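Visitor: Here's a structure for you.
Bear in mind that the values in this text are calculations on the coordinates, not laboratory data. Here the structure is a predicted model, which is why all the values come from computation and not from measurement. Cβ sites come from the backbone with ideal geometry, for glycine too, and all protein chains shown count toward neighbours.
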Amino acid sequence: MTDIINHWIGGREVAGDSTHTQPVYDPALGTSTKEVRLGSASDIDAAVATALAAFAEWGGTSWARRQSVIFAFRELLNARKEELAQILTSEHGKVLSDALGEIARGLEVVEFAAGIAQLAKGEYSENVSTGVDVYSLRQPLGVVGIISPFNFPAMVPMWFFPIAIAAGNTVVLKPSEKDPSASVWLAKLMQEAGLPDGVLNVVHGDKESVDALLTHPDVQSISFVGSTPIARYVYETATAAGKRVQALGGAKNHMLVLPDADLDLVADSAVNAGFGSAGERCMAISVVLAVDTTADELVSKITTRMAGLTTGDGRRSSDMGPLITEAHRDKVAGYIDIAVEDGATVVVDGRDVEPDGAPEGFWLGPTLIDNVSTGSRVYIDEIFGPVLSVVRVSGYDEGLGIINASRYGNGTAIFTNDGGAARRFQREVHVGMIGVNVPIPVPVAYHSFGGWKDSLFGDAKAYGPHGVDFFTREKAVTSRWLDPSHGGINLGFPRHT
Ligand code: NAD
């Protein structure tokens, strides 16, 4: 029996108009037991109409009531996170501990959203002119669209919908069609937490449903996370349709290792950040920039650690799970051939892995490639798999130059014990999120997450203060209560007296 994953519109499961479906795989088994519906433009129309109707009431609901729903959701999610982790592992493949980590980082944003009233407060200036006060207030946008990628099926939706909903918006979420169950599970939990039907809707699908959302006249904003070409397309299409857009794209994150760094810490960090979640993280470290004098020792330390890693079914006690699809696994593995053609040194070849899982799973073991040149596609492309490249550099300046020449600017890290060098780096590097002896510098929920260059289109990052700004719009009110002494005709531009 094949399970069908339905849309969630108006607080119930809906089959929708479209008859198209697509298989959803368990990547560790290499088989599919579920089909997800691929929504049509009319399914998006139905979800947007439902969200618009719900906005009439939700947009006017008090901050206290909205926050209490988010708080209740936090309690429910915390109590049932193991259930969600099982869903994530069964459709994405990441190991259970990593799935729980993803949920924990999503919960952080939920907790932040539960206190949104503090950040959404307006400002008040009394007596800006005689008898005149000015104040600002923040209101929700209306119906907002969220489009999420496969690699964080729970966390990325939670970067957005808790803040959007706490701010009074209603939502149409289009999750990745590769691992769609988590979104519906979260939407059902929001209902259990007391969210009125129609405030959070989920429509599955591919380009057809995305396009319908991007151009729908009743959708006020789009929050997108995914690969750079699609992020650019989403940004251009939705802004042309008059929407507020934040579109987070792909990445190629470098770790610059200065010779004075603690090489054991560096090797641990490179392995954790390179191979966690099989490298399918937008903040994964994919390039180690090793200064010539310590590069051999560092490569040797990384190689030793890799020998102890296990790859297998995420429900067992493996360190690393499979890749998301067979096609993606083959594409990632293809970069190992390219590395050889380009004259790099394959130190550890993940194609030799012996996984603890079904033979049909989409396996590729941790791979280390040394002496990668910056002209090679292994360096240039976002591989998005367990392939760590080492590029050798002469020192800080060459390393910094390489990072700044990259089209991406999502995350980066410097490893050093020299505070002056670290300080110079944080000032000079053209990247949005920087780690100093921290390999995956994902900001906590009360800061904001986002890169530079081709890693973010638009000027609003995700969550934190940017998230509150993005999901609200401000009004400034200039008010004067009637005082007969201030009447009279004056056609000049208002001046303060
Ligand atoms: P993707 O771009 O293929 O898909 C993202 C979303 O766009 C999905 O919902 C998908 O259905 C939709 N989509 C795909 N093709 C489309 C098209 N032609 N037209 C309209 N919509 C389309 O990305 P993915 O493979 O799901 O996720 C991995 C990518 O996401 C990587 O590049 C990764 O770096 C990036 N990512 C970035 C961040 C960040 O914060 N910058 C976070 C997570 C993932």
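Visitor: Would you work out which of Val346, Ile383, Pro366 lies farthest towards the positive end of the dipole of the range 330-386? Charges go on Cβ: Lys and Arg +1, Asp and Glu -1.
Guide: Ile383
Visitor: So for each of 410-418, 366-374, 82-90 I average, over its residues, the number of other beta carbons within 10 Å; can you give me the resulting order with the highest mean first? Don't skip to the end; give the middle numbers.
Guide: Values: 410-418: 24.2, 366-374: 22.0, 82-90: 19.2.
Highest-to-lowest ranking by the protection proxy: 410-418, 366-374, 82-90.
Visitor: Taking the Cα-to-Cβ direction at Asp292 and at Leu491 and moving 7 Å from each Cα, how far apart do the two end points lie in nm?
Guide: 7.7
Visitor: Continuing with this model, one more query. Could you work out, for the range 293-391, what percent of all Cα-Cα pairs fall into each 5 Å distance bin, beginning at 0 Å and stopping at the bin that holds the largest distance?
Guide: 2, 13, 24, 22, 19, 12, 5, 1, 0
Visitor: Calculate the dipole size of the chain relative to its Cα centre from +1 charges on Lys and Arg beta carbons and -1 charges on Asp and Glu beta carbons; express the result in debye to the nearest 20.
Guide: Once rounded to the nearest 20, the dipole reads 1620 debye.
Visitor: What trypsin sites (Lys or Arg not before Pro) in the range 364-444 are in a loop by DSSP, with at most 16 other Cβ atoms within 10 Å of the Cβ?
Guide: Those that pass, being in a loop and sparsely packed, are Arg407.
Visitor: So which trypsin sites (Lys or Arg not before Pro) in the range 143-217 end up in coil per DSSP with only 13 or fewer other C-beta atoms within 10 Å? Could the numbers behind the result be given before it?
Guide: Numbers: sites: Lys178, Lys188, Lys207; in loops: Lys178.
Within the range 143-217, no trypsin sites (Lys or Arg not before Pro) qualify (loop, at most 13 other Cβ atoms within 10 Å).
Visitor: Projecting each Cα onto the charge dipole of the chain (Lys/Arg +1, Asp/Glu -1 at the beta carbon, about the Cα centre), which of Thr310, Gly16, Gln246 comes out farthest on the positive side?
Guide: With unit charges placed on the Cβ atoms, the residue in question is Gln246.
Visitor: Sticking with this structure for a sec: Given the convex hull over the Cα atoms of the chain, what projected area results after averaging over all orientations, in nm²?
Guide: Values: hull surface 106.8 nm².
Average projection, Cα convex hull of the chain: 26.7 nm².
Visitor: What area, in nm² and to one decimal, does the C-alpha convex hull of the range 365-460 cast on average over all directions?
Guide: 7.3
Visitor: Which pairs break 28 Å Cα to Cα here: Lys121/Lys188; Lys94/Lys207; Lys81/Lys174; Lys81/Lys252; Lys331/Lys453; Lys94/Lys252? Working shown, then result.
Guide: On the way: Lys121/Lys188 30 Å; Lys94/Lys207 25 Å; Lys81/Lys174 22 Å; Lys81/Lys252 30 Å; Lys331/Lys453 25 Å; Lys94/Lys252 20 Å.
Table pairs above 28 Å Cα-Cα are Lys121/Lys188; Lys81/Lys252.
Visitor: Around Tyr446, what is the net charge, scoring Lys/Arg as +1 and Asp/Glu as -1 over all other residues with Cβ under 11 Å from its Cβ?
Guide: That sum, taken over residues with Cβ under 11 Å, equals -2.
Visitor: Additional query: Pull up all non-local amide H partners of Thr33: gap of 5 or more, or a different chain, and H-to-H distance under 5 Å with H placed in the peptide plane.
Guide: Residues meeting the amide H criterion: Val24, Asp26.
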